[in-house]
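Worksheet for the structure shown next.
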Amino acid sequence: MDEAQFVEIDSIRFFTRYEGPRDQPLILLVHALMANHHMWDGLVPQLHAAGFSTLRYDHVGHNQTTFVTAEAAARAYHFDDFTRHIKTIAERVAPGQQAYGLIGCSIGGVLALRFAQMYPGYLTKVMSCDAPPLTSPPSFQEMWGARIARFEAEGVDDMSKETVARWMPDPCSETVRAGVLAMTRSCSLAGYRACARAIMTYDYNPYLADITQEQVMVLVGENDTNVGPREILQRVAETIPGAQYVLMKNVGHLPPFHDPAAFGRIALDFLTKKPSHL
């Protein structure tokens, strides 16, 4: 069953898509900044074939998710707000079905780990992919401030092209790059600004060791240059009790879109393996 619906939270009209057998474990999917729910198109059929249902959505101001009021578009959001939105979406769209797992990529990877911190025991499996550092470094203020200013001045097209070049290094087909370009162009200025500002103001490192009730995988693409030194995410995995660190070969910043077949094998192995430390 495929059900698309809109859910209003905090004067944001979220587009959501709930798919797969309703009596099977639910996997929540959280995409990257400038992407949208189509980032998971290659993974979703694999999850359904393995006996999972899926719930994905578009971030604030991305693709079909819109701000209902000017005040909602202008307000400052925190990653804790976005994390709360995920839980509320799940409760409204799939009432009575507690999610089994959450897979997030880029800022979605940060939100995946924050979800485990804010709602311990709600999930069984958490997969954080190509997340930025779990503490917003001082350099993010200048970098993301400059990117917001550029989006305001120039619009989305040039930024989209540069983003795709940075996210999807060789080896990568032009068909895949074209798909990513289409996704990035669906991001509005208000949505970009809301997410980019949130990236400047979080610090979740002190709470990583508190993630004890979920089995966690921290995955990074071998060719991803967006997350900083690879050792940062290795330390994240080392700090979370029992977490698994995976370096995925031949992919950049969006592994589920870059190579959905290989990513699906990794994800399904993780999701179907009985937790060893819980």
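The table that follows gives values for the structure above.
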| quantity | calculated |
| --- | --- |
| Cβ pairs under 9 Å, 6+ apart, first in the range 175-191 and closer than 14 Å to residue 154 by Cα, second among the charged types (D, E, K, R) | 185/157; 189/152 |
| Residues that are within 28 Å of residue 117 (Cβ to Cβ), at pLDDT 95 or above, over 17 Å from the mean Cα position of the chain (by Cα) and not in a helix (DSSP H, G or I), drawn from the range 167-221 | 211, 212, 213, 214, 215 |
| Matching residues, the range 1-31, being closer than 17 Å to residue 45 by Cα and in a loop (DSSP other than H, G, I, E, B) | 1, 20, 21, 22, 23, 24, 25, 31 |
| Test: residue in the range 53-68 that is touching a residue at least 24 places away in the same chain (Cβ under 8 Å), of a type outside the set (Val, Ile, Thr), surrounded by fewer than 19 Cβ atoms within 10 Å (Cβ to Cβ) and over 21 Å from residue 5 (Cα atoms) | no |
| Scope the range 220-267; condition of a type in the set (Lys, Arg) and farther than 21 Å from residue 30 by Cα; matching residues | 230, 235, 249 |
| Which listed residue, of 197, 230, 193, is among the basic types (Lys, Arg) and touching a helix residue (DSSP H, G or I) at 6+ places or on another chain (Cβ under 6 Å) | 193 |
| Residues that are charged (D, E, K, R), in contact (Cβ under 8 Å) with a residue 24 or more places away in the chain and farther than 15 Å from residue 233 by Cβ, drawn from the range 128-163 | 147, 152, 157 |
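The values are calculated or read from the model by the stated rules, or taken from the named source; none is laboratory data. Predicted model, so just to flag it, every value in this text is computed and none were measured. Here the Cβ is made from the backbone with ideal geometry for all residues, glycine too, and neighbour counts use every protein chain on show.
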